[in-house]
Structure formats: structure tokens, C-alpha cells
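Here's the structure we're looking at; comments come further down.
The values are calculated or read from the model by the stated rules, or taken from the named source; none is laboratory data. None of the values given here were measured: they were computed from a predicted structure. Here the Cβ positions follow ideal geometry from the backbone for every residue, glycine too, while neighbour counts run over all protein chains shown. These area figures cover heavy atoms from the full protein model, side chains too; ligands, DNA and RNA do not enter into them. Shrake-Rupley method; radii C 1.70, N 1.55, O 1.52, S 1.80 Å.
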Amino acid sequence: MQVSIYRYIPGKDTEPRMQHYDYVLPDDRDLMVLEVLEDLKAKDPSIGYRRSCREGVCGSDGMSINGRNGLACKTPVSEAISRDKLMLRPLPGLPVIRDLIVDMSQFYRQYERVDPFLKNDTAKPAQERLQSQEDRKKLDGLYECILCACCTTSCPSFWWNPDKFLGPAALLQSYRFLADSRDTATEERLSKLDDPFSVFRCRGVMNCVNACPKDLNPTKAINEIRTLLVKNGT
Amino acid sequence: MKNLRTLEFDGLIVGGGGAGLRAGLQLAESGYKTAVLSKVFPTRSHTVSAQGGITCAIASEDPDDDWRWHMYDTVKGSDYIGDQDAIEYMCSVGPQVVYELEHMGLPFSRTESGRIYQRPFGGQSKDFGRGGQASRTCAAEDRTGHALLHTLYQANVKANTTFLSEWFAVDLVTNQDGTVVGVVAIFVETGEIVFVKSKVTLLATGGAGRIYDSTTNALTNTGDGVAMALRAGVPVQDIEMWQFHPTGIHGMGILVTEGSRGEGGYLVNCDGERFMERYAPTAKDLASRDVVSRSMVIEVDEGRGCGPNKDHVYLKLDHLGTEVLNSRLSGIMELCKTYALVDPAVDPIPVVPTCHYMMGGIATQVSGQALSQDEQTNDVPVQGLYAVGEVACVSVHGANRLGGNSLLDLVVFGRAAGLHIQDVLSQGVSQRSASDSDLEAALSRISRWENSQSGENPADLRAELQALMGSSYSVFRTEEKMRDAISKLEDLRTRIESAFLEDKSEVFNTARVEAMELDNLLEVAEATAIAAEGRRESRGAHARVDFENRDDENWLCHSLYFAEDRSLRKRAVNFAPSIVEPFEPTKREY
Amino acid sequence: MDLVVNATSLSRSGLSDFLLQRVSAVVLGLYALCIVGFLIVNPDVDQIRWVQYMTSPVMLIFGTLAILSFAVHAWIGMWTVGTDYLSEHKMGKHASFWRLLYQVFVVVIVFTYLLFGLGILWRLPAILL
């Protein structure tokens, strides 16, 4: 197999290039893309990428794998490989810092803009706030987001307006709190979303749904927010 | 240092996992100038991987539940070298801290009455071991760590905490009075070296499971805090105590929560026998982790392992039905399908005991204040230094941690340290200064790697170290292998000290970070090796073939390892809880 | 939020824009149906019959609505496209100049269509006199 990796080291490279590595895959088992990267890095330590949990829950190693955004630690080589080639590039739509490492600050800023924390202006009870199993179920498919940015960086609307359109990940978080029966700031949250960009730049392309390594559905969450805005506004 | 940029804070927290974020939240809310410095963006920290839950007597599943029962279980689980003042504090304050998390928005699973869902976990009992299995572990499905870490990060966003994300702490800076005055750190994105000065430094750097080749730990769990402490002359306590989780996916090291057995799963050998019934007739598969792991190794050693190489056992979950699996263990379903290529609803999961948790660490008071020891074996506080979470050894886990107690440890003591530091700062601590020579020690480690011209590849040395620890310090330990490993580690030290950092670029140089992490792994490995060899008994997770029994006469105590003279000393265990009567050591059976 | 960008949006509210665009689309769709439907029902229509139909009070109002809807729909759509592609993020600091130029151009065209459309529609009854 040939692995091609996007390389760019500021101060060393004047412009980005693709570097090619030969890699012999084992016969007896499938590897994850991250395992291949770790092997290559043991030989060429200069390859830069982020990684931590290596089990698809920390969200560090989002990258473009043969043109598709995904987590390296959760993408089997057999699924990604095409004509014996594996092409690894940084997530699109964010500035590259080095090699496969992108500057995620814009992504985090959009996350922070939705006030990603519970707001409840009622007095705190001595114990926990009660929540029915039905109400808790509404958070499934929302709270599991790992902030890997695979969805947001696959979204054309985010590419065009990364500073104004919140992007699927932030909007999923926004709906996670709108949907929480314990949150009392629905009106306030909605009023912050009623501009032509934050939510309404979503065109329903659904790249986000395709890209999400946790099988979440940000488009659905965005539609729910729109429905809430319509209900709230009429 | 003329060219060294300096940042100044009232409180500096190194590590952005559960403990660091909980402490950070407390300090940020107090208004003191606080920073959380982390080598990864906080939600990438290893707390995110915790699955099963947070154990705490909130009396949801059982209205009669009592934190004293939780305390009893924890003391017994620790094989009686957990400090009872700390365990009492954790178990009694726990409910309040868990409610705080819920108020912050943690999406706990719920019971029918709308309270927090609790599941049974290993080593839990009612009525001081007399009332059968308890269900005390509060859960958000099987993603409790993820839910907890994100909730805490969100609370910190709300509190406007200052984060130094993707900053790597190289070493503590200790001045001439022995006071810790901050850290030297690298801002990884630019490679800039910065002196982060602080009145108080709190280590919350997590564990070091990566000293082993087979571990459930993240690639980033390299014991940076332990190593920094050791290099600064601060001893570490009970570092020989490493927990091997019974159910790591065979060949992958990925964790399958104990909650899967709590929900009714069990282990079988190649004959399909539910073998835990033989080893722990009462608690069976929910005996504490050290007991289950040892039983599994014995099964395999006696030829009853599963698979073509008979080197693992099976965890059976298929009888639970897809509904329970999908609603309570959906994360496990995903992990098993992805990494073990097994659908737990149909087939059993191949599992082996896998390094999971470091019970040892920096000895601290309940307040998080780091401790050393003087010649007369009195505790001496290390000025300016605190530690919480896995890097600390307060010690609530003793020789064996109970499942679900780590998340509780993080938030209870993260909060306690935050409160205490707030208190200390309010009394007006002044910033101590550091001289150039104080900084020199930390900088010399950077310059050694920077100036390396040739030598071995750090990645190869790391693999060798991990394999050595895996073969010599796993579930069962023998004198011969340990002695051999200690000398091999000495050799590794020489080689690591002359290893070669090939990539010397400035911007986001992960090779440099990994090289320094290798230094840290070595420190932790050596401490483990010497402490394990020194503790001549079997207790909790430390099982020696040559000293099969617990020796309360000589070893009902903490071990304390000092790196500068590689010596092992003893430290008394606290048997003085303030509310309840102390629990005296008895034979530990499940 | 960038006020300069928002100021040129039709309603300055994402929700209103979103609804206006959908409502105008429905109006345009229905109007198109009426015309196509009429042509299907009356395959051999002559000019008098056609003008009679178009100048019936209902169709006259409907036609006016359709032309207004066209203007609204086009402006929101073209504005959106303009703010996607002609942004500071993509083009740097001169983006607002180019975007303004583009928007003036779109306004002129839409306004021209609007005037001509209304003019033609409301002069139709005169043909019958």
C-alpha cells in the first residue's frame, strides 16, 4: 500500500507537499488508519498529527482520509483504501498549522458562541433535578458529540462563512441544550440564533451526517432548531 | 532568564481532565487569576474514556443506601491501605459533588422516578458487606466520563477559565527555599518555551498507563506529573500498585466497562464455565478488579483460556438482549463492533486483564497539598505544590481501586483542592521568585534533546520499555523477573539519556513532546519497578508469587519512593476517620 | 455579527428571510400552476382569451403577488449567494466593495424586472378596451 501524507512544516517547507510512504499491511488483521500513522511516525518522527485515546472518543485525530473526513483511530484501512492508496490530508476549511494539524480555534469559538452549558434560573434543589426517562431520551444523539470537527469542516456553508455560520457541531450542541428539559433559557438561546447566518446558512447538504464518526445527525438537530424558531416567532 | 517569556498566575493547574477542570472551575469562580495548562485540548483528556460511572451513595436505586457502606467497600477494596480520613471525606461529600455535576447539566441516565440511574459495580455491598450486592454507580449510559468531562469543560467555558491548551509542561520550577513556583512549559504550536509562574501549582496530569504495552490508557497517559514530581525531589506513594482491568479487548487494550458485568454479563473460560463462581462465590463476576484479573490469569495459565492460543477468556453479554445492550451499553456495542469485530448481542467478547489505573502517585492531604517526608518519617508539605486525580495518592484507592471511584476521586478532590487553594490565596500568599539556576534544571532537559546529534530512536526505546514492564510487572510478579527488569531499566536510562531527537523543528513538534514523554515514562517505570520489588507481600493489585500473603505486620503501610537516591521508605496509613469508627483490617473475601 | 453584511439583508432576521423565501416560492409555484393549468385546459387559446384570463381580478392580484414574490425570492437568494462567495473570509478586506457592487447590480436587475413586470401586467386590461 502507498500512504500519501500532506506535509507542511512552517520554517522548513516553503509550500505544502504530499509525501509518499510504502507500507506493508499485515495479512491476518485489519488496521486502523491511526495504527498505520503510528508505525510511520516511529520511522519518520517528523509527521505531525494529533491523537490521544485511540478509541474514537476524544476526537483528536479527525482528518481527511481518501477525501472523506473521519477519525484515523476509528477508520479501518480496508474501508478507506482505494486502489492500494491511502491519502491523508488535514481537515478542510481550517488553517493548517503543520502537516495534518489544523488550527481549530474558529471551530471552538463557534462552539462557545452557542453558550454550551446548562442555564437554569430556578433555585437548585438539595438533590438532583428530576428528569423523566422520556425527556432524557431527547438528549440521545446530541450529547455524544466529541468535538472532532469532522462535520463542521465538511460543510460548504462553514467553508464560506466560518465566522458567521455556526456550523453543524456547534448547532448540535445548541440543540442539545434547547432539548434539555432542565434548561430554562430557550427564548434567550433562540433569540441569539435569529440572524441570517448562524443557523439559516445550513442548506441541508448533509455532509455533516455523512462525516460524523459517532453516527450523529446534526442536520436533524438544525431542522429542530428551525422548527423551534418558527414556533417561537409565530 | 533574559529571553524566557514569563506568564504569571495566582493558581496554575497542570492537566485538563476531570480533576483539573473541577479544580479550575472552583478557582475561576473564586475570581483568582487561574490558568489550566494542558498538553491536549481539555476534552481530549483521558477522563473522556471512562465508561461505567461515578460511584456515590445518592440513594436513588436504594433509598436506604448509606455513604458509610460505600466507605466500607472502598476501605476493603483498598486492601486496607487506603487512608480512611480521605475515604470518609470522599464518600460523605460525594453526593453533594455529584448533585453539583447534575446541576451543571451532566446528562445522567434516569430511573423511572426521574432520579439519577445507578448500576451495580464490582466490590459494592450493602450494610458493610452483609446485605448483598449494591447498585451505587451513577451513570450516563456507558459514556459517563465523556459526559462528565464535557460538562466540566462547559462549566469552565461559562466561568471564563483561562486555558493554555496544547502546552506541554516540562518540569516544575522549585526555588532555593524548596517552594514550587510554577512550571517551564512549551507552547507546542510555536515551540516557544515559557516560564509559567504561579503562587500555587496543582498537578492534575492523570496516570501513566503507557508504561505498559497493553493498556486501556490513552496514548497521552505518560505520567508527566509523577515524573515532574520525582525530578523535583518529591516522592511518590504506592507506585507499585497498578490496576489491571479484567476486561480489556484482547489484542487492542480497549476497555469494556465493568458496568457490562454490573448489567449482568459474566466471564467464561474455554469450557464455557462461569469460573468466577469458584474464585468469589458471593460476588462472582462483581468481585473487585484485582481478584477478577488474577482469576482470569490463573484460568489462562492452567490451560482453560479461549481462542486458538488459549490466551484470553470470554465476556458473555448476548443473554442481556439487544434492548439492554443498546440502551445501557451502546458505547460498548460500538467499541466491540469497531475494534473487536464482535457483535456483543451475538458473540462473546475476547478479553484479557489490561493495565488500567495507577493507584499510586504524589502523596497528598485531603486538601490536595503535596507531601514529602522528613528523616523522622513525619509528613512535610511541599510548599506551593498540590496534586489531585490519578496523579495524586490521597489515598482513597490504596492497593486496589473500586470501579466508579476514580471519577468520584477526580471531582471530590478537584473541588477540595480548589476550595483549599482559594482559601490559601485569600490569606495573601506572595509570589516567590525563581533564579536563573532554578530554571536551569527544567531547561536542561529541553536542551539535552535539542542538542542530541545521534543515538537511538525514542519510539524504539519506548516500545522496549513498555514490553519490559508488561512482562515483568503485570498481574503476578516474581522476584527474579523484577530484579532483572530493574537492571534492564538502568540500561534503558543510559540509552534514553543519549537518544536522538531527529526532528528539531519549532512548530507543533510532536516528536519533541514524545521524547520528553519518554523521559517521564522511564521515571514512572523505574519507580514502579523499585517499589514493587521492595514491597515484600501480596496486597490488592500487587500480587507476588514469592510472597503470596498479605503481611499486615510489616506492610500495612504506604510505600514512599524517592528518586534521587532510589530509596523506598514507609509511610503510615491513616486509620482515623473523623465521623465513623475506623475499619480494622480483616481477611478480604468476595 | 457583521452589521454591514446584515444591513443589506431583506428583513435582517434569518427566520423572516427563511419564511419569506419559502412563502414566495409557494406563491410562484402556485402562479405557475395556474398558468400551466390554464394552457392545458385551453390548448387552442387565442390572445383575447389569454388576456381575459390574465386580467380577471383574481389573476391580476395573483400576478402582482407573483411578481413581488419573484423580487423577494430573487433578492434573498442572490443576497445569500453573494454573502457566501464574496466574503471577507474568502476575499480579504476589499470584499465589501465587490459585494456592494454585486448587490447594486442585483438590485438594479430585480427592480427593472419588477417595474417592467408590473407595468406589463397592469397595462394588459387596456388591450381589451
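Taking first residues from segment B:8-24 that are touching a residue at least 24 places away in the same chain (Cβ under 8 Å) and open to solvent by less than 10 Å² (accessible area, probe 1.4 Å) and partners that are assigned to a loop (DSSP other than H, G, I, E, B) and among the aromatic types (Phe, Trp, Tyr), the Cβ contacts under 8 Å between residues at least 6 apart in sequence or on separate chains come to B:11/B:32; B:16/B:41. Would you confirm whether any residue within segment C:45-57 is within 14 Å of chain A (Cβ to nearest Cβ) and either among the aliphatic types (A, V, I, L, M) or within 13 Å of the chain's Cα centre (by Cα) (or both)? No: segment C:45-57 contains no residue that is within 14 Å of chain A (Cβ to nearest Cβ) and either among the aliphatic types (A, V, I, L, M) or within 13 Å of the chain's Cα centre (by Cα) (or both). Tell me, please, whether a residue that is crowded, with 19+ Cβ neighbours inside 10 Å and at the interface with chain B (Cβ under 8 Å from one of its Cβ atoms) can be found in segment A:60-67. Yes, the conditions are met somewhere in segment A:60-67.
The residues listed here are C:22, C:12; of these, the one that is charged (D, E, K, R), in a helix (DSSP H, G or I), within 14 Å of chain A (Cβ to nearest Cβ) and surrounded by fewer than 17 Cβ atoms within 10 Å (Cβ to Cβ) is C:22. Selection of segment C:29-63 for residues being open to solvent by 80 Å² or more (accessible area, probe 1.4 Å), at pLDDT 95 or above and in contact with a helix residue (DSSP H, G or I) (Cβ under 9 Å, 6 or more places away or on another chain) yields only C:30.
Between B:466, B:427, B:422, B:453, the distinction of being modelled with pLDDT under 95 and of a type outside the set (Ser, Thr, Tyr) belongs to B:427 only. Among the residues of segment B:311-336, write down those that are surrounded by fewer than 21 Cβ atoms within 10 Å (Cβ to Cβ), more than 11 Å from chain A (Cβ to nearest Cβ) and without any contact (Cβ under 8 Å) to a residue 60 or more places away in the chain. Listed by number, the residues that qualify are B:318, B:319, B:320, B:321, B:322, B:323, B:333.
Answer yes or no: is there a residue in segment B:339-350 that is out of contact with any helix residue (DSSP H, G or I) (no Cβ under 9 Å at 6 or more places or on another chain), free of Cβ contacts under 8 Å to residues at least 24 places away in the same chain and under 30 Å from residue B:567 (Cα atoms).
Within segment B:339-350, the subset out of contact with any helix residue (DSSP H, G or I) (no Cβ under 9 Å at 6 or more places or on another chain) is B:340-341.
If we keep only those that are free of Cβ contacts under 8 Å to residues at least 24 places away in the same chain as well, we get B:341.
Now drop any that are not under 30 Å from residue B:567 (Cα atoms), which leaves none.
No.
Can you confirm whether residue A:70 is touching a Ser or Thr at 6+ places or on another chain (Cβ under 7 Å) and not assigned by TED's automatic domain parsing to the domain that holds residue A:155? So residue A:70 fails the test.
From the set of residues in segment B:104-113 that are surrounded by 18 or more Cβ atoms within 10 Å (Cβ to Cβ) and of a type outside the set (A, V, I, L, M, F, W, C), which is nearest to the other protein chains (Cβ to nearest Cβ)? The qualifying residue nearest to the other protein chains (Cβ to nearest Cβ) is B:105. If only residues of segment A:213-234 that are among the aliphatic types (A, V, I, L, M) and assigned to a helix (DSSP H, G or I) are counted, the one that is nearest to the other protein chains (Cβ to nearest Cβ) is A:229. Cβ-Cβ distances below 9 Å connect the following pairs, each with a first residue in segment B:40-55 that is more than 19 Å from residue A:102 (Cα to Cα) and open to solvent by less than 10 Å² (accessible area, probe 1.4 Å), a second residue that is acidic (Asp, Glu) and in a helix (DSSP H, G or I), and a separation of six or more residues or different chains: B:55/B:73.
Scan segment A:65-97 for residues that are without any contact (Cβ under 8 Å) to a residue 60 or more places away in the chain, within 30 Å of residue B:142 (Cα to Cα) and not β-branched (Val, Ile, Thr) and the total you get is 6. In segment B:186-210, the residues that are within 25 Å of residue B:420 (Cβ to Cβ) reach residues that are among the charged types (D, E, K, R) and surrounded by 24 or more Cβ atoms within 10 Å (Cβ to Cβ) with C-beta atoms within less than 7 angstrom, at least six apart or across chains, in these pairs: B:205/B:224; B:206/B:390; B:207/B:390.
Yes/no per residue for (1) closer than 28 Å to residue A:8 by Cα; (2) surrounded by fewer than 19 Cβ atoms within 10 Å (Cβ to Cβ):
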residue	(1), (2)
B:477	no, no
B:488	no, yes
B:510	yes, no
B:515	yes, no
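Counting only residues that are at pLDDT 95 or above, facing chain B (nearest Cβ under 9 Å) and surrounded by fewer than 18 Cβ atoms within 10 Å (Cβ to Cβ), segment A:17-42 holds 1 of them. Of the listed requirements (1) farther than 21 Å from residue B:144 by Cα; (2) surrounded by fewer than 24 Cβ atoms within 10 Å (Cβ to Cβ); (3) within 14 Å of the chain's Cα centre (by Cα), residue A:142 misses just one: (1). The listed residues are A:109, A:129, and the only one of them that is free of Cβ contacts under 8 Å to residues at least 60 places away in the same chain, at the interface with chain B (Cβ under 10 Å from one of its Cβ atoms) and not acidic (Asp, Glu) turns out to be A:129. Looking at A:163, A:180, A:215, just one residue is crowded, with 18+ Cβ neighbours inside 10 Å and acidic (Asp, Glu), and that residue is A:180. Would it be correct to say that residue A:172 is within 26 Å of residue B:328 (Cα to Cα), of a type outside the set (Val, Ile, Thr) and touching a residue at least 40 places away in the same chain (Cβ under 8 Å)? So residue A:172 fits the description; yes.
State which residue is farthest from the other protein chains (Cβ to nearest Cβ) when the search covers only segment A:1-16 and only residues that are open to solvent by less than 10 Å² (accessible area, probe 1.4 Å) and not in a loop (DSSP other than H, G, I, E, B).
Going residue by residue through segment A:1-16, those that are open to solvent by less than 10 Å² (accessible area, probe 1.4 Å) are A:3-5, A:7, A:9.
If we keep only those that are not in a loop (DSSP other than H, G, I, E, B) too, we end up with A:3-5, A:7.
Values: A:3: 17, A:4: 19, A:5: 14, A:7: 11 Å.
Here the answer is A:4.
Condition check ((1) open to solvent by 20 Å² or more (accessible area, probe 1.4 Å); (2) outside any loop (DSSP other than H, G, I, E, B); (3) more than 15 Å from residue B:407 (Cα to Cα); (4) touching a Pro at 6+ places or on another chain (Cβ under 9 Å)) across all residues:
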{"residue": "B:123", "(1), (2), (3), (4)": "no, yes, yes, no"}
{"residue": "B:128", "(1), (2), (3), (4)": "yes, no, yes, no"}
{"residue": "B:137", "(1), (2), (3), (4)": "no, yes, no, yes"}
{"residue": "B:148", "(1), (2), (3), (4)": "no, yes, no, no"}
{"residue": "B:151", "(1), (2), (3), (4)": "no, yes, no, yes"}
{"residue": "B:154", "(1), (2), (3), (4)": "no, yes, yes, yes"}
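I'd like to know if segment B:82-92 contains one or more residues that are buried (at least 21 other Cβ atoms within 10 Å of the Cβ), under 19 Å from the mean Cα position of the chain (by Cα) and under 26 Å from residue B:158 (Cβ atoms). Checking segment B:82-92: at least one residue is buried (at least 21 other Cβ atoms within 10 Å of the Cβ), under 19 Å from the mean Cα position of the chain (by Cα) and under 26 Å from residue B:158 (Cβ atoms). When the residues of segment B:348-395 are filtered to those that are among the polar types (S, T, N, Q) and open to solvent by less than 10 Å² (accessible area, probe 1.4 Å), the one that is nearest to residue B:226 (Cα to Cα) is B:364.
For segment B:188-207, enumerate the residues that are within 14 Å of another protein chain (Cβ to nearest Cβ) and surrounded by 19 or more Cβ atoms within 10 Å (Cβ to Cβ). Give the derivation first.
Of segment B:188-207, the ones within 14 Å of another protein chain (Cβ to nearest Cβ) are B:188-192, B:205-207.
If the condition is that a residue be within 14 Å of another protein chain (Cβ to nearest Cβ) and surrounded by 19 or more Cβ atoms within 10 Å (Cβ to Cβ), then B:188, B:205, B:206, B:207 are the ones that fit.
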